[in-house]
1. Of everything in region 37-57, what is at pLDDT 95 or above, surrounded by fewer than 20 Cβ atoms within 10 Å (Cβ to Cβ) and either within 12 Å of the chain's Cα centre (by Cα) or on the phi > 0 side of the Ramachandran plot (or both)? Give them in sequence order.
2. With the condition kept exactly as written, say whether any residue in region 77-89 is surrounded by 15 or more Cβ atoms within 10 Å (Cβ to Cβ), free of Cβ contacts under 8 Å to residues at least 12 places away in the same chain, in contact with a helix residue (DSSP H, G or I) (Cβ under 6 Å, 6 or more places away or on another chain) and under 23 Å from residue 50 (Cα atoms).
């Protein structure tokens, strides 16, 4: 999948093959996620969104919270690219909440970065500053650096 993403940025016949895998197949969520990269790389954000929605459902069913947060951030960014900020902002906030529960500081910073992008595109500048400040607080500079 990574090879296709980097070298063959076009839609391929993988969609039906991956979609045809049973939802219980251990590799299906990862394959759907990577296929969404391909869709997004050629500008098919709506197709990528549908793949991410299916991936999110599978990750939720499997109880993999860290992957749920990862998918939510990707989905929020796809919604930003589609101009659907009202969908993307709650998804980024949900991902942030999951990362906070998991005490995943790098994940929190990642979520805050994408949340700030959404808020900026929605012209919520005070909220952008707050998100950026929170992300900065997660990784304060070490003394002497």
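The values are calculated or read from the model by the stated rules, or taken from the named source; none is laboratory data. Since the model is a prediction, treat every value here as computed from it, not as a measurement. All Cβ positions, glycine included, derive from the backbone under ideal geometry; neighbour counts span all protein chains shown.
1. Across region 37-57, the qualifying residue is only 53.
2. Scanning region 77-89 turns up at least one residue that is surrounded by 15 or more Cβ atoms within 10 Å (Cβ to Cβ), free of Cβ contacts under 8 Å to residues at least 12 places away in the same chain, in contact with a helix residue (DSSP H, G or I) (Cβ under 6 Å, 6 or more places away or on another chain) and under 23 Å from residue 50 (Cα atoms).
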